[in-house]
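Chemist: The structure under discussion is supplied below as structure tokens; questions concerning it will follow.
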Ligand SMILES: Nc1ncnc2c1ncn2[C@@H]1O[C@H](COP(=O)(O)OP(=O)(O)O)[C@@H](O)[C@H]1O
Ligand SMILES: [Mg+2]
């Protein structure tokens, strides 16, 4: 009888462990493995020579180089911009600091490929509104600025990625114990010395960690380069993978190139994540772990209002202007007409929402895919985190390793891996269905879910669960009555962390879509490619509204949870 | 009946053998304390009894039931052992009110609503928390949360209550008060209590019997508080039970010597050629300016005199050995025993405990 009880418990534990491993293996490990296999394994044997041959092809080599150039530029730019604004809103007496701080986080919400689209409308060499303004009105011969360039791509990426550094550095500067600075001041150090000797070394890990995050993101970033680079022949790794797979309909050579490039991405990503762990793991980071303090503020004096003006201008140019252009172009009869009231109407919006099958499908697909992915990934994530954080079973180490995988697998890699795994070669063919996109979304967003749920579970002390057992609750009852209610905020966070980004997903869906399984991102991108710029802009406008509404709801809900 | 029988239980984590063939018997209805230094394996033993861990060898019985047995893999899960557990960190569920925390075991047992209510209110009253039933744990002090944990552990009327250092996170006053309350509850409810602590004061005040573990998880002595205090089985126990003085003595012929002085002790305590340690508490030292009846005494010099309120505390040097003595302040004032640093003095002793000089185990563990 009692032996039976133990067996049941163990069986349940092994069942959960097995299921968790199975999910991660199927969803993440197999696709990644297949990529490595296809890259390094030719005709039944390990083959590194071919890999180098592929890497040495001019196109691939150039794409690698471009990824590196763009990522470095973006990282450098974002770090400077993010650190500067973070310092401005935490350590100076800038007017309306709190409000400005909120504004600098807005780019988090804006999908960078929609931003890229807006900038293309403003600054493309011939048709861009700003370039045309200068050429027509002031009679300039050449466009003021060509957005189809490295500089253009980097500038746009910086605009929408700098919050990664901004938010990390803000946090570090706010959590930093001001007594450290005060101690230095008392011993006679000037502000410059304090900044150089005390402040910067203390927040450096946060700056570096934010910078590495951007590096990782930018290397694997598809949207901006796809919108602004391809026109001028600038490809990076993800766009080249897309181009090869898409154009050549899965020929052996293109798969080879794709998987080699994807392998490079995975390895670089793993390296960057490892480096980030090192940076954050350094002892001095401890000094700023803790509760918030009230730091000393630098008096900007005469620069106070000019600085505010600069911030407002920055926000206006990088956020308001592109957003306005999207909505305005979405209202135009034909792309290129001036923005005057005779040319503007809501007709496009009505058309894409109620009549145009392509966009109607896309919206429906994105919402259902997002909901499904968010639900599944949230529950899978809470289960896997539970095993990793709380359970004592043999074989857990393997799961922990698998749990790290989703963090270092960029979107285009997942898409390629999913194609390799689910195109019928291994018995199941999901290609050209929504299911393949769903599987890819689950893999892509698993990292978010694991992160949010593990954090929530870490807060649930073991003794809370043991107390329930001692009170007579079995394992499942303990889960239901104690663990789940306590991790609900984490699960909710995971849900929205997945649902909102999936509404605007492009990188994965672009490689997997079929005519009827377009997502919002794909529809915006393809409409733009097909020259249907006004519809593309209108749909982008709708997407922005959806995202802003969703974000507002989350902010309300999470404010309620904390208050 | 809730007699606990721990039979040859072993438990190891990796290379660390925490318990090695450990045996213990706790009788029904007694308040039993497991006392030992931090890290000696008390919590591990308690968790084995509760069923959160499984033993590598041996068996555990609660009443008539074998709840764990290593050789045939028997393991009754914790929820079916019918016991109450109170944890060091309270483990009160933060998302449930006081009422719901305490009601949980009864709800699981499927009691009807009205009797759940009655029993919860009764339990809450038992720990003096009436009126706070609707509070959330975040609105309670540490002591109150510990009471909730106690009420929750008791509400299902377990025959056995396990407490793992439940008072160590409370301040001194509250600790003292709670310690009496636990004792009173145990008597009132007639249950078996296993209390785990590293604090010998609580152990002495609370227990019917106690067991002393050393830092390697080896059982050194079991007995009632007076037995253990008055007759420590070995040097470790003696050391652990409070501030301990140890004077190295050697037997030469018929005499017993400390340093170059003759140590007047009962015959046979220190035979010829033996090296022994004389152990005694500071309160067992009688300190005078001159031997009252001219009988031989040890002579020493006061090195430090500290006024601690109710007692005077002296650090005394006897031929290179340092020992501590405490004298009731009133007595010191009345009978001219206020010594100053550098004063010579003579010493006599009550209650000497003799240990072999080779027994160095546990040196300083409790002091
Ligand atoms: N789950 C565990 N894993 C590894 N070591 C453990 C575990 N639980 C306890 N130990 C080790 O066993 C020893 C005894 O621990 P414990 O019983 O908690 O001591 P205490 O007597 O202070 O309660 C300690 O050295 C501890 O490190
Ligand atoms: Mg302990």
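Just so it is clear, none of the values below were taken in a lab; they were calculated from the coordinates. Note that this is a predicted model, so its numbers are computed, not measured. Neighbour counts are summed over all protein chains in view; Cβ atoms, including those assigned to glycine, are modelled from backbone coordinates with ideal geometry.
Chemist: What's the FRET efficiency of residue A:398 with residue B:227 using the Cβ-Cβ distance as r and R₀ = 56 Å, to the nearest 0.05?
Modeler: Values: r = 53 Å, r/R0 = 0.95.
Computed FRET efficiency for residue A:398 and residue B:227 comes out at 0.60.
Chemist: Roughly what angle does helix B:172-189 make with the longest principal axis of chain B, taking Cα atoms, 0 to 90 degrees, to the nearest 10?
Modeler: 60
Chemist: Under a plain spin-label model, where a point goes 7 Å from the Cα along Cα-to-Cβ, how far apart in nm are residue A:530 and residue A:360?
Modeler: Between residue A:530 and residue A:360, the label points sit 1.5 nm apart.
Chemist: If you don't mind, another one. Can you give the % of DSSP beta bridges in the protein assembly as shown that are antiparallel, to the nearest 5? Mind dumping the intermediate values first?
Modeler: Working: 63 of 82 bridges.
Of those bridges, close to 75 percent are antiparallel.
Chemist: Please compute the modelled spin-label separation between residue A:458 and residue A:337, points set 7 Å along Cα→Cβ, answer in nm with one decimal.
Modeler: According to this spin-label approximation, the distance is 5.6 nm.
Chemist: Another question about this same structure. How many angstrom separate the Cα center of region A:24-44 from the Cα center of region B:217-292?
Modeler: About 74 Å separates the Cα centre of region A:24-44 from the one of region B:217-292.
Chemist: Shifting gears a bit: Using alpha carbon centroids, what distance separates region B:83-126 and region B:332-351, in Å?
Modeler: Centre-to-centre distance over Cα atoms comes out at 56 Å.
Chemist: Based on a Kirkwood Rh over C-alpha pairs, give the Stokes-Einstein translational diffusion coefficient of region B:4-238 at 10 °C and viscosity 1.306 mPa s in µm²/s. Working shown, then result.
Modeler: Working: Rh = 18.4 Å.
Here the translational diffusion coefficient equals 86 µm²/s.
Chemist: In addition: Relative to the longest principal axis of the C-alpha atoms of chain B, give the angle of the C-alpha long axis of helix B:142-154, reported between 0 and 90° and rounded to the nearest 10°.
Modeler: 60
Chemist: Now a separate question. Normalise the Cα radius of gyration of the protein assembly as shown by 2.2 N^0.38 Å (N = residues in it) and let me know the number. Don't skip to the answer; put the middle values down first.
Modeler: Numbers: Rg = 37.3 Å, N = 930, 2.2 N^0.38 = 29.5 Å.
Computed over Cα atoms of the protein assembly as shown, the ratio equals 1.26.
Chemist: Take peptide B:103-110, look around each residue's Cβ out to 10 angstrom, count Cβ atoms belonging to other protein chains, and average those counts.
Modeler: Mean partner shielding for this stretch: 4.
Chemist: Sticking with this structure for a sec: What is the distance in Å between the Cα centres of region A:384-415 and region A:85-142?
Modeler: Answer, in whole Å: 39.
Chemist: Take the eigenvalues of the Cα gyration tensor for region B:243-356, scale each by 5, and report the square roots as semi-axes in whole Å, largest first. Mind dumping the intermediate values first?
Modeler: Numbers: eigenvalues 127, 38, 30 Å².
Taking √(5λ) for each Cα gyration eigenvalue gives 25, 14, 12 Å.
Chemist: In nanometres, what is the gap between the two model label sites at residue A:280 and residue A:548, each 7 Å from Cα along Cα-to-Cβ?
Modeler: 3.2
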